Amino acid sequence: NESGEGAERERGLSHGAIVHGRQYLTPERRHEPSVYYRRDGGAGRAIEAQGDRPLRIGVIGLGAGALPPYGKPGGVIRFYEINQRVIDIAQRDFTYLADSKAKIETVLGDARLKLERESPQNFDVLAVDAFSGDSIPMHRITVEALDLYVRHVRPGGVIAFHISNRFLDLRAPLLNLARARGLTALRIVDMRPEGGRVSVWVLMTTDTALLEHPRIKPIATGLPDRPEVGLWTDDFNSILRVIQ
């Protein structure tokens, strides 16, 4: 769908009440990362805190493909998307992928299954963006899934979970997962919403120096300590404990 006028004209991708991305349509603004991938969001801050070098970035969930504006020559952005129609829409109706300075790779299929079969991808940042709906993929937020993500990020790399959700508060289970694997976890909230949408991210890493970066430390907060939520595994998890 399209909306706005002049420099604010934009195109969006939605499914029901869930927004999966937007892009400004004017030439001077079409390269801006938008909505949850704004530069003040968690993923944007995690990427920009790593300096100007080209990065290798993984993304679980394509949407409109709004992350490529962060790409630099020599870098790679690798998307995992389960729905071929979403890939078609991102390639046909949005220009983020075509405009990227980094190499764009798209992998069709369930991200966890694909990652299980791949050799380590050595991502600097792995963005896990699949938790905005009222029915979340539980197999992507268990200790087994986290072990897989850790295997695919470089030592000191960042795993960024996008957890903006009207119904579920995933902070506590993510803290329990991070603790179980010796990772530091912090929450980043973009309080200057675009289109009225606040974005919430949780960053996990072993690189505590990175979390001291000016793009992260001033806005980062801790996660609630709720041991009763338990350590989520493929065999045990309880969504009822995180309904808000």
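The values are calculated or read from the model by the stated rules, or taken from the named source; none is laboratory data. Everything numeric in this text was worked out from a predicted model, so none of it was measured. All Cβ positions, even for glycine, are placed from backbone atoms using ideal geometry, and neighbour counts span all protein chains on display. All accessible areas refer to the heavy atoms of the entire protein, side chains included, with ligands and DNA or RNA removed. Shrake-Rupley method; radii C 1.70, N 1.55, O 1.52, S 1.80 Å.
I'd like the full set of residues that are part of a loop (DSSP other than H, G, I, E, B) and farther than 22 Å from Tyr80 by Cβ, limited to the range 146-176. Give the derivation first.
First pass over the range 146-176, keeping only residues part of a loop (DSSP other than H, G, I, E, B): 163-167, 169-170.
Of everything in the range 146-176, those that are part of a loop (DSSP other than H, G, I, E, B) and farther than 22 Å from Tyr80 by Cβ turn out to be Arg166, Phe167, Asp169.
Do we find that Met191 is at pLDDT 95 or above and either crowded, with 20+ Cβ neighbours inside 10 Å or not polar (S, T, N, Q) (or both) in this structure? Don't jump to the end; show me each part of the working.
Details: at pLDDT 95 or above: no; either crowded, with 20+ Cβ neighbours inside 10 Å or not polar (S, T, N, Q) (or both): yes.
Against the criterion (at pLDDT 95 or above and either crowded, with 20+ Cβ neighbours inside 10 Å or not polar (S, T, N, Q) (or both)), Met191 does not qualify.
Counting only residues that are part of a loop (DSSP other than H, G, I, E, B) and at negative phi, which one in the range 40-51 is modelled with the highest pLDDT? Outline the logic, then answer.
Going through the range 40-51, the residues part of a loop (DSSP other than H, G, I, E, B) turn out to be 40-41, 49-51.
Filter once more, so that each one left must be at negative phi: 40-41, 49-50.
On the way: Asp40: 91, Gly41: 92, Ala49: 96, Gln50: 93.
Among those that are part of a loop (DSSP other than H, G, I, E, B) and at negative phi, it is Ala49.
Need the failing condition index for Asp169 against (1) open to solvent by 10 Å² or more (accessible area, probe 1.4 Å); (2) touching an Asp or Glu at 6+ places or on another chain (Cβ under 7 Å); (3) in contact (Cβ under 8 Å) with a residue 40 or more places away in the chain, just the number.
Here Asp169 clears every test but (2).
Which one is least open to solvent (accessible area, probe 1.4 Å), of the residues in the range 194-232 that are in a strand (DSSP E or B) and among the charged types (D, E, K, R)? Step through it out loud before you land on a result.
Let us first name the residues in the range 194-232 that are in a strand (DSSP E or B), namely 194, 197-205, 221.
Now restrict to residues that are among the charged types (D, E, K, R): 194, 197.
Working: Glu194: 29, Arg197: 62 Å².
Filtering first and then ranking leaves Glu194.
Out of all the residues in the range 143-155, which are under 13 Å from Asp207 (Cβ atoms) and either at pLDDT below 95 or crowded, with 22+ Cβ neighbours inside 10 Å (or both)? Before you say what the answer is, go through the steps one by one.
Within the range 143-155, the first condition is being under 13 Å from Asp207 (Cβ atoms), and the residues that meet it are 150, 153-155.
Listed by number, the list holds a single entry, Val153.
Taking Gly65 and the conditions (1) in a loop (DSSP other than H, G, I, E, B); (2) modelled with pLDDT of 90 or more; (3) of a type outside the set (Phe, Trp, Tyr), which numbered condition does it fall short on, given that it satisfies the others?
(2)
Considering each of Pro54, Pro33, Pro73 in turn, give the residue that is loosely packed, with under 15 Cβ neighbours inside 10 Å and either in a loop (DSSP other than H, G, I, E, B) or not charged (D, E, K, R) (or both). Give the steps one after another, and end with the answer.
Details: Pro54 fails: loosely packed, with under 15 Cβ neighbours inside 10 Å; Pro33 fails: loosely packed, with under 15 Cβ neighbours inside 10 Å.
Pro73 is the lone residue from the list that is loosely packed, with under 15 Cβ neighbours inside 10 Å and either in a loop (DSSP other than H, G, I, E, B) or not charged (D, E, K, R) (or both).
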